[in-house]
Amino acid sequence: MSETAHIPDVARTPGKATALVEAQGLMRHFDVSPPLLNRVIEGKGRAVVKAVDGIDFAIPRGETFSLVGESGCGKSTVARLIVGLYQPTAGNIRYEGVEIGGRANARNRQRMQPRMQMIFQDPYASLNPRWRVERIVAEPIQARRLLTDRQAVRTRVGELLTQVGLSPADGEKFPHEFSGGQRQRVSIARALAGEPEFLVCDEPTSALDVSVQAQILNLMKTLQRKLGLTYLFISHDLAVVYHVSTMVGVMYLGRLVEWAETKTLFDNPRHPYTRMLLDAIPDLEMSGRQRIPVAGEVPSPINPPPGCPFHPRCPHAQDRCRVEPPKAIAAGGAQVACHAVEEGRI
Amino acid sequence: MADTEGRDVRANQALLEVRNLRVEFPTRRGTLVAVDDISFHIDPGEVLGVVGESGAGKSMTGAAIIGLLEPPGRIGGGEILLEGERIDNLPYERMRRIRGRRIGAIFQDPLTSLNPLYTVARQLIETIQTHLSLPEKAARARAIDLLKEVGIPSAEERIDHYPHQFSGGMRQQVVIALALSAEPRLVIADEPTTALDVSIQAQIISLLKRLCKEHGTAVMLVTHDMGVIAETADRVAVMYAGRIAEVGPVEEVVRRGKHPYTHGLMGSIPHIGGEITELTQIEGAMPRLNAIPSGCAFHPRCERVFARCSVDRPELLSVDGAEVACHLYDDAGREAAD
């Protein structure tokens with residue numbers, strides 16, 4: 001257990017299965033400097049976007065860990081790091097305890113890669129418009145050589161389509177013949193075709209209407225129960241996150257500011273940013289609760305504020321917050337990175 | 001309108017009256033009807049929310065009102081009255097003068113509604129001078145006041161910046177300033193917060209609410225976000241496949257939706273708090289324009305469907321303060337359902 005010493009407490013609660021996926025000090029910086037000539041002539045320096053700036057989490061097998069945050073907070077970058085579409089600048093990713101982050105672990109990555117799949121946000125852009133659905137869904141089966149017999153592949157594709165609520169006959173169609181929700185079902189069928197145990201879902205319902213969103217969320221939950229899948233779920237919608245996840249991490253400017261089990265986080269949000277996000281949700285009950293609009297917007301990640309990145313918008317900011325970046329501490333079942341919480345001010 | 005009590009008052013007062021509006025797209029394979037015979041009204045200073053899923057025809061209704069239907073789309077019938085004056089058949093030039101002056105518009109993506117090559121000052125001043133005869137200096141002063149009013153800090157300097165120098169939320173504030181620059185009586189806001197983050201959404205919604213209250217501007221708020229409607233609107237119209245399924249005061253529709261579609265729509269929205277259960281789901285999807293079902297367009301997806309639904313098209317009926325287009329609330333329909 002010494003290796004996992006700084007994994008959040010929530011992951012080690014007794015009775016929980018051990019972590020399937022872990023990230024430790026995960027970082028990804030992007031160099032967005034102007035070209036060398038401009039730097040020399042205009043005297044500009046290098047510019048680096050710290051899209052993900054040191055985050056830790058662990059996802060137990062069979063559970064759903066969600067990352068929420070506003071656009072530009074780095075949540076999609078985390079998704080891409082986990083599935084290996086980006087290489088981390090620093091930090092580790094472990095899958096079943098095996099390190100798979102970074103070029104040095106490329107061989108491990110290759111071994112573990114077939115066990116994870118990704119579902120993308122835009123079902124219009126993520127399906128090849130010139131391929132029939134059958135070919136799209138069959139591709140992972142053929143790539144992994146799970147089945148070789150053509151008839152067996154066909155049967156399997158039919159099964160997969162049925163599993164996601166389409167009919168086997170839909171395999172003959174092209175993506176443009178489907179609505180947005182049906183296309184997202186095709187994406188899910190394609191992801192399941194490779195028989196993964198871990199799915200990274202990057203805003204899978206953001207492009208869909210609410211009634212269709214409900215269908216997809218219900219489908220994802222059913223599949224999780226049936227197949228024992230583990231999800232990393234990325235979303236900006238707190239209500240959706242509340243519905244699907246067992247654990248939630250709130251991201252702000254590349255860092256996790258608070259993470260806890262879903263109930264704990266929503267019942268008792270501690271970080272001022274989490275509170276702000278929860279306050280900003282429109283009130284469907286119409287209890288007459290006045291929404292408190294928070295001043296300001298997310299600052300540019302190229303030049304993030306020093307100290308706690310949230311301090312320019314935070315009502316509890318003090319001098320210490322402007323200088324010293326807060327470290328995550330355990331507070332009432334949650335992990336919170338906030339000086340005000342640490343000092344007991346809120 | 002079946003609401004007899006409101007009729008006399010409305011005849012004098014309704015700011016916008018839409019009667020039997022039909023929007024159609026002629027194509028080689030026949031005419032597609034995007035908006036099918038809908039009627040509603042907006043009172044001065046009132047916020048009417050129009051909700052529905054994509055393809056329900058809500059944006060088309062908005063576009064028809066401001067006369068910005070993209071060809072080959074056209075108004076195929078009905079009339080639109082602004083302060084008692086018919087505006088759907090006006091020549092282009094007359095309509096152009098009404099647009100901006102008497103009806104303002106706010107669209108979803110603030111970056112595409114602003115010209116990236118002009119400074120905010122130039123765009124605001126041009127709009128102000130088009131509609132109000134003000135000299136350059138006075139127009140600029142008014143532009144700065146407008147920016148201050150929508151909450152842009154240090155407006156005197158920011159006004160000379162280009163749209164790309166503003167963040168997403170601030171761009172939408174600038175668009176609101178533009179829409180309000182000639183003090184229109186009606187603003188058509190088509191998904192004004194959809195492209196924005198939740199924290200910014202709250203800012204824009206409260207801004208829109210405040211300005212409308214202060215200026216007495218009426219708003220037609222088109223959105224698919226029930227939360228935004230619940231917070232902002234006075235009345236709501238729920239659209240489905242080009243028809244109004246239900247229209248009424250916001251509490252009636254959101255809390256006690258009568259149409260099975262309203263019901264399903266509300267149930268499918270995830271809530272925070274309480275036991276986590278399966279979300280209510282409406283099976284199937286919104287029909288395409290070339291395959292709108294007969295009778296009630298919602299009947300193939302409806303849980304309470306009965307024989308009459310696939311034959312007869314329901315009209316709006318007045319039920320407990322709201323108007324619902326559903327045979328369940330018709331006497332004959334009720335008997336059949338029982």
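Considering (1) under 24 Å from B:K209 (Cα atoms); (2) away from chain A (no Cβ under 14 Å), the lone condition that B:V150 does not fulfil carries the number (2).
When region B:249-274 is limited to residues that are touching a Ser or Thr at 6+ places or on another chain (Cβ under 7 Å) and more than 7 Å from every other protein chain (Cβ to nearest Cβ), the one that is surrounded by the most Cβ atoms within 10 Å (Cβ to Cβ) turns out to be B:V253.
Residues of region B:89-116 that are within 17 Å of the chain's Cα centre (by Cα), farther than 24 Å from B:D160 by Cα and open to solvent by 40 Å² or more (accessible area, probe 1.4 Å): B:R99, B:R102. Assessment of region A:96-115 against the conditions (out of contact with any Asp or Glu (no Cβ under 9 Å at 6 or more places or on another chain), modelled with pLDDT of 90 or more and within 21 Å of A:I216 (Cβ to Cβ)) yields no matching residue.
Run down A:A330, A:A337 and say which single residue is open to solvent by 60 Å² or more (accessible area, probe 1.4 Å), in contact (Cβ under 8 Å) with a residue 24 or more places away in the chain and either aromatic (F, W, Y) or under 22 Å from A:T262 (Cα atoms) (or both). Before the answer, list the steps.
Details: A:A337 fails: open to solvent by 60 Å² or more (accessible area, probe 1.4 Å).
None of the other options fit; the residue is A:A330.
Taking (1) within 14 Å of chain B (Cβ to nearest Cβ); (2) modelled with pLDDT of 90 or more in turn, A:A260 satisfies each apart from (1). Pairs are defined by a Cβ separation below 6 Å, a sequence spacing of at least 6 or placement on different chains, a first member in region A:167-195 that is free of Cβ contacts under 8 Å to residues at least 12 places away in the same chain, and a second member that is crowded, with 20+ Cβ neighbours inside 10 Å; the pairs so defined are A:P168/A:L161. Since B:D197 meets every condition but one in (1) more than 8 Å from chain A (Cβ to nearest Cβ); (2) farther than 20 Å from B:G62 by Cα, which condition does it not meet? Condition (1) is where B:D197 drops out.
Note on region B:180-225: among residues that are small (G, A, S), out of contact with any strand residue (DSSP E or B) (no Cβ under 7 Å at 6 or more places or on another chain) and in contact (Cβ under 8 Å) with a residue 24 or more places away in the chain, the one that is most open to solvent (accessible area, probe 1.4 Å) is B:A195.
Check whether at least one residue in region B:261-275 is over 30 Å from B:L180 (Cβ atoms), touching a Lys or Arg at 6+ places or on another chain (Cβ under 6 Å) and not polar (S, T, N, Q), and report yes or no. No: region B:261-275 contains no residue that is over 30 Å from B:L180 (Cβ atoms), touching a Lys or Arg at 6+ places or on another chain (Cβ under 6 Å) and not polar (S, T, N, Q).
If you go through region B:166-189 and keep only what is within 9 Å of another protein chain (Cβ to nearest Cβ) and hydrophobic (A, V, I, L, M, F, W, C), you end up with just B:M170.
Checked against the criterion of being of a type in the set (K, R) and touching a helix residue (DSSP H, G or I) at 6+ places or on another chain (Cβ under 7 Å), region A:95-112 contains not a single residue that satisfies it.
Among the residues making up region B:47-64, those that are farther than 12 Å from B:I244 by Cβ and open to solvent by 10 Å² or more (accessible area, probe 1.4 Å) are B:V47, B:S54, B:G55, B:S59, B:M60, B:A63. Filter region A:179-231 for residues that are within 14 Å of chain B (Cβ to nearest Cβ) and in contact with a Lys or Arg (Cβ under 8 Å, 6 or more places away or on another chain); which is farthest from B:P270 (Cα to Cα)? Only one residue tops the list, namely A:L219.
In the set A:A125, A:A104, A:A90, only one residue is open to solvent by 20 Å² or more (accessible area, probe 1.4 Å), without any contact (Cβ under 8 Å) to a residue 60 or more places away in the chain and closer than 20 Å to A:H29 by Cβ; that residue is A:A104.
Considered as a group, the residues in region B:298-321 that are closer than 30 Å to A:T222 by Cα and either under 24 Å from the mean Cα position of the chain (by Cα) or more than 12 Å from every other protein chain (Cβ to nearest Cβ) (or both) include one that is surrounded by the most Cβ atoms within 10 Å (Cβ to Cβ), and that residue is B:F298. Filtering region B:232-247 to residues that are surrounded by 24 or more Cβ atoms within 10 Å (Cβ to Cβ), of a type in the set (D, E, K, R) and either in contact with a Ser or Thr (Cβ under 9 Å, 6 or more places away or on another chain) or not in a strand (DSSP E or B) (or both) leaves only B:E246. Only a single item in (1) buried (at least 21 other Cβ atoms within 10 Å of the Cβ); (2) within 14 Å of another protein chain (Cβ to nearest Cβ) is not met by B:R288, and it is number (1). Residue check: A:D283 meets all listed conditions (1) within 9 Å of chain B (Cβ to nearest Cβ); (2) modelled with pLDDT under 90; (3) open to solvent by 20 Å² or more (accessible area, probe 1.4 Å) but one, namely (3).
One line per residue, one yes/no per condition, for (1) more than 12 Å from chain A (Cβ to nearest Cβ); (2) of a type in the set (S, T, N, Q):
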{"site": "B:E191", "(1), (2)": "yes, no"}
{"site": "B:I205", "(1), (2)": "no, no"}
{"site": "B:R210", "(1), (2)": "no, no"}
{"site": "B:V219", "(1), (2)": "yes, no"}
{"site": "B:D225", "(1), (2)": "no, no"}
{"site": "B:T232", "(1), (2)": "no, yes"}
{"site": "B:V247", "(1), (2)": "yes, no"}
{"site": "B:I276", "(1), (2)": "no, no"}
{"site": "B:E283", "(1), (2)": "no, no"}
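Once region A:240-252 is narrowed to residues that are open to solvent by 10 Å² or more (accessible area, probe 1.4 Å) and assigned to a helix (DSSP H, G or I), the residue that is nearest to the other protein chains (Cβ to nearest Cβ) is A:H243. The number of residues in region A:182-214 being within 20 Å of A:R145 (Cα to Cα), in a loop (DSSP other than H, G, I, E, B) and open to solvent by 20 Å² or more (accessible area, probe 1.4 Å) comes to 2.
So which residues in region B:145-154 are of a type outside the set (S, T, Y) and surrounded by fewer than 19 Cβ atoms within 10 Å (Cβ to Cβ)?
Scanning region B:145-154 gives B:D145, B:K148, B:E149, B:P153.
Yes or no: B:H161 over 15 Å from the mean Cα position of the chain (by Cα) and within 18 Å of B:T112 (Cα to Cα)?
In short, yes.
Residues of region B:155-179 that are closer than 23 Å to B:G100 by Cβ and open to solvent by 50 Å² or more (accessible area, probe 1.4 Å): B:D160, B:H161, B:Y162.
Condition check: in contact with a Pro (Cβ under 8 Å, 6 or more places away or on another chain) and either at pLDDT below 90 or β-branched (V, I, T) (or both). Does A:P315 satisfy that? When the stated conditions are applied, A:P315 passes them.
Of the helices (runs of 4 or more DSSP H) contained entirely in region B:97-178, those carrying at least 2 residues that are of a type in the set (K, R) and at pLDDT 90 or above fall at B:136-149. Close Cβ contacts (under 9 Å, 6 or more residues apart or on different chains) running from residues in region B:268-280 that are modelled with pLDDT under 75 and assigned to a loop (DSSP other than H, G, I, E, B) to residues that are open to solvent by less than 70 Å² (accessible area, probe 1.4 Å) and aromatic (F, W, Y) comprise B:I276/A:Y242.
The values are calculated or read from the model by the stated rules, or taken from the named source; none is laboratory data. Please read all numbers here as calculations on a predicted model, not as lab measurements. Note: ideal-geometry Cβ built from the backbone for every residue, glycine included; neighbour counts use all protein chains shown. We work out accessible area using only protein heavy atoms, side chains counted, and drop any ligands, DNA or RNA first. Shrake-Rupley method; radii C 1.70, N 1.55, O 1.52, S 1.80 Å.
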